[in-house]
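Note sheet for the following structure.
The values are calculated or read from the model by the stated rules, or taken from the named source; none is laboratory data. Here the structure is a predicted model, which is why all the values come from computation and not from measurement. Note that each Cβ is placed from the backbone with ideal geometry, even for glycine, and that neighbours are counted across all protein chains shown. Surface accessibility is based on the protein's heavy atoms, side chains included, excluding ligands, DNA and RNA. Shrake-Rupley method; radii C 1.70, N 1.55, O 1.52, S 1.80 Å.
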Amino acid sequence: MDLQAEVDGLMDGLRADLERLAAIPSIAFPGFPAEPVREAHDLLVGLLGDAGVDRVERIDPPGTAPVVFGEIPPPTPDAPTVLLHSRYDVRPAGDEKLWTSPPFEPAPVEGGLRARGIADDKANVIAHLSMLRAFKGRPPLGVETVFSELRSTVVAMCAFVREYAAGFRAGTAS
């Protein structure tokens, strides 16, 4: 497999997915509507399925937005498993008059895109998806993904890790 050629061929679709995700104002802070966070969650569930992830689950820890968990079992019993984590929520955009373009309308800039949450963390989510797509959902190791909202309550996410840790196979995390 020519992995570089595979990734190059995926770039237009990955960029389109990043634009779709970045256009969702998934602000998981008190006082902001929950629907955009759920919309971002649902988009990620679909993108993971499209990337070949067989098991995709919604986990609802108390006090936080839903977690998207995905799993591709290792191809052999002795293959390692990695955990890929990223967040799909964003901080509030602040005064939109200070933006050179609307924060939730991805705008081309030299070398990429500008929108609220692209660099932290929505591009990271897409990077994880790009690996899964490049290997057509069958990487040479096991993969677990956790896409979460971590900003509003670290305590809730710590409880999530304690509750679900036994279910993870991963020996390392990114």
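Does at least one position in the range 161-169 carry a residue that is open to solvent by less than 40 Å² (accessible area, probe 1.4 Å) and either at pLDDT 95 or above or not in a strand (DSSP E or B) (or both)? For the range 161-169, residues open to solvent by less than 40 Å² (accessible area, probe 1.4 Å) and either at pLDDT 95 or above or not in a strand (DSSP E or B) (or both): absent. Of the conditions (1) assigned to a helix (DSSP H, G or I); (2) open to solvent by 40 Å² or more (accessible area, probe 1.4 Å), GLY94 clears all except one; give me its number. Unmet for GLY94, out of (1) assigned to a helix (DSSP H, G or I); (2) open to solvent by 40 Å² or more (accessible area, probe 1.4 Å): (1).
Taken together, ALA115, ALA123, ALA134, ALA65 contain a single residue that is touching a residue at least 60 places away in the same chain (Cβ under 8 Å) and over 28 Å from ASP12 (Cα atoms), which is ALA65. When you look at LEU10, is it closer than 22 Å to ARG116 by Cβ and either open to solvent by less than 30 Å² (accessible area, probe 1.4 Å) or in contact (Cβ under 8 Å) with a residue 40 or more places away in the chain (or both), yes or no? For LEU10, the condition - closer than 22 Å to ARG116 by Cβ and either open to solvent by less than 30 Å² (accessible area, probe 1.4 Å) or in contact (Cβ under 8 Å) with a residue 40 or more places away in the chain (or both) - is not met.
Residue-level check: of (1) among the small types (Gly, Ala, Ser); (2) surrounded by fewer than 16 Cβ atoms within 10 Å (Cβ to Cβ); (3) touching a residue at least 24 places away in the same chain (Cβ under 8 Å), SER101 misses just (3).
Restricted to the range 36-70, and to residues that are assigned to a loop (DSSP other than H, G, I, E, B), open to solvent by 70 Å² or more (accessible area, probe 1.4 Å) and closer than 19 Å to GLU144 by Cβ, which residue is modelled with the lowest pLDDT? So the residue we want is ASP60. Summed over the range 38-62, residues that are over 23 Å from LYS136 (Cα atoms) and in contact (Cβ under 8 Å) with a residue 24 or more places away in the chain total 4. For the range 109-141, name all the residues that are open to solvent by 50 Å² or more (accessible area, probe 1.4 Å), more than 22 Å from GLY94 (Cβ to Cβ) and of a type in the set (Lys, Arg). LYS136, ARG138, listed by residue number.
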